[in-house]
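One structure below.
None of the figures in this text is laboratory data; all of them are computed from the coordinates on show. Because the structure is predicted, anything quoted here is derived from the model rather than measured. A quick note on method: Cβ atoms are made from the backbone with ideal geometry, for glycine too, and the neighbour counts reach across all protein chains shown.
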2 protein chains.
Amino acid sequence: MRVLVVEDETKVGCFIKRALEEESYAVDLCEDGAKGLEMALATNYDLIVVDLMLPSMSGMEILKAIRRERIQTPVMILTAQSQVDQRVKGLDAGADDYLTKPFAIDELLARVRALLRRGATESPGILQIDDLVLNPATREVTRGGQRIELTLKEYALLEYLMRHTGRVLTRPMISEHVWNQDFDTFTNVIDVYVNYLRNKIDRGRSKKLIHTIRGSGYMLKAD
Amino acid sequence: MRVLVVEDETKVGCFIKRALEEESYAVDLCEDGAKGLEMALATNYDLIVVDLMLPSMSGMEILKAIRRERIQTPVMILTAQSQVDQRVKGLDAGADDYLTKPFAIDELLARVRALLRRGATESPGILQIDDLVLNPATREVTRGGQRIELTLKEYALLEYLMRHTGRVLTRPMISEHVWNQDFDTFTNVIDVYVNYLRNKIDRGRSKKLIHTIRGSGYMLKAD
DNA sequence: GAGTCCCTATGCGTGTGCTCGTGGTCGAAG
DNA sequence: CTTCGACCACGAGCACACGCATAGGGACTC
């Protein structure tokens, strides 16, 4: 899941970035409003976190510009204590959630999870396909009730696959959302990690869930 | 916006009807499958919500019958928790969305909005001609509900044909769009691949969809 | 130093894309 | 109706790119 954070206070921004990365999100940090909007329009993020008070362009303007382009990506706005009245305006302008500074980082993470959950195709917070279960809140993965240990990247990849079950996911799509980098033709990281996941999830089971769509990409499916 | 709801459980049906009416939709409620299909064909609805488990005629049959009549109205199917595998079939058969019971009414309303929004601006996404269905999102192709496996090139060619149903497509046109290269007179790749497609799509069926226009090119047509 | 984790690099098998050549079909002209 | 040439169908077969598997190096932690 790829997240854009637009925050001008370097310290706060880096802190948020680190916290999100530890939760296996791909994070882009931007300290300038205008540049942040540009990034938001250029890349297909899963979530955007934006501070209201920014140099060059306010968070509210960014939000409005994004919505004007019909981009439905969930947006969370960060406000200072003194900007309480701005919240309502923000929600009206199409924000999905707000958080008042200073905040506990745990609360931010919880709200991020909630927003991503709401945006996903499935209603429950727990992702499930066949007997494979992923709980984003605890980052626990089980298959057939049996616990599966995953590394950060493995988990990030699986979560992305599970949030788009039944759809063909191309390498560029995966690269963009799981590795926050543009597609580099000369690497096979994705193949390698799909292979890791297969070893832990499908290996030795009759029902395979990870499918290769030759020439296109990969797909998670119970069929 | 006029909505048809086909749901046999009176309580659930009335609940949905009321909720939709509160959102100012015009709602027709029907508790019987066969009657529901009749209504769907008779009236030009903007959206159809249909339960999978119904007396006299399943939601899936209704869906298929509607699509067979080339009606592109968005359809949302309601499934019980235990019918998860039916979803995929439903989407394959041309459903636009599904919702698992029990659901929050807010979610149903949100999805209804999303479907109507999509229908207004964007294309339906699923391509269909006669009983041949192509879903670009999943890269899945079925004919008469039966899955057809295609290679990359075969799929690309079929998608191009389906996006221009009923029009004669010359070899240069096909070459340009599917092979994105200029026409090379000294190759018969296109003929070969049309042949591959015929084997997988028309072979053994009474109704041929791929037609040769001698001296010009090829055409996909239900006639 | 041992243990992870992330990523790169390489070799291998197989499915896919494409060419070639022959035989078949269609349609116009005689 | 017959003939002939252009056009198309289709099986056989080859080369190679794609994706899989696995080994190993670099960075980091304990």
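How big is the gap, in Å, between the Cα center of region B:145-223 and the Cα center of region A:1-74? Rounded to whole Å, the Cα centres lie 45 Å apart.
The modelled label-to-label distance for the pair B:GLU21/B:ALA42, using points 7 Å beyond Cα in the direction of Cβ, is 2.0 nm. Mean separation of Cα pairs under 8 Å and 6 or more residues apart, divided by the residue count, gives region B:128-220 a relative contact order of 27 percent. When B:THR165, B:THR10 are arranged by Cβ crowding within 10 Å, least crowded first, meaning fewest neighbours, the order is B:THR10, B:THR165.
Test of understanding: what is the full-extension gain from B:ALA34 to B:LYS101, defined as 0.36 nm times their sequence separation minus their Cα-Cα distance? In short, 21.9 nm is gained.
Look at A:ILE48, A:ILE126 and count the other Cβ atoms within 10 Å of each Cβ; fewest to most, that gives A:ILE126, A:ILE48.
Structure remark: mean-square fluctuation, Gaussian network model of chain A, C-alpha springs under 10 Å; the largest value among A:VAL178, A:VAL192, A:VAL133 belongs to A:VAL192. Inter-copy label distances at A:GLU61, using a point 7 Å along Cα-to-Cβ, come to 6.1 nm with the shortest given first. Averaging 1/r across all pairs of distinct Cα atoms in chain A and inverting the result yields a Kirkwood radius of 18.4 Å.
Each copy carries a label point for A:VAL189 at 7 Å from Cα along the beta-carbon vector; from one copy to the others these points are 3.2 nm apart, nearest first. The base-10 log of I(q)/I(0) for region A:2-119, evaluated at q = 0.23 Å⁻¹, reads -1.55 [Debye formula, identical scatterers on Cα atoms, solvent excluded].
Once the chain from B:LEU109 to B:THR10 is taken as fully extended at 0.36 nm per residue, the excess over their C-alpha distance is 33.8 nm.
For the pair B:THR165 and B:ARG203, label points projected 7 Å from Cα toward Cβ lie 2.4 nm apart.
Within chain A, which is the longest segment containing none of the GluC sites (Glu not before Pro) that sit in a DSSP loop and have at most 12 other Cβ atoms within 10 Å? By the stated rule (loop sites, at most 12 other Cβ atoms within 10 Å), A:70-148. Taking the label point 7 Å along Cα→Cβ, B:ASN44 and its counterparts in the other copies are spaced 3.3 nm apart, in ascending order. When the pairs A:LYS221/B:LYS101; A:LYS35/A:LYS64; A:LYS153/A:LYS200; B:LYS200/B:LYS221 are compared against a 19 Å limit on Cα-Cα distance, A:LYS221/B:LYS101 fall above it. Note on A:ARG70 and A:SER216: the model spin-label points, each 7 Å out from Cα along the C-beta direction, lie 2.4 nm apart. Residues B:SER56, A:SER24, arranged from fewest to most other Cβ atoms within 10 angstrom of their Cβ, appear as B:SER56, A:SER24. When Rg and the Kirkwood Rh are both derived from Cα coordinates, the Rg/Rh ratio for region B:128-220 amounts to 0.94.
Relative contact order of region B:6-62: 39 percent, from C-alpha pairs under 8 Å at least 6 residues apart in sequence.
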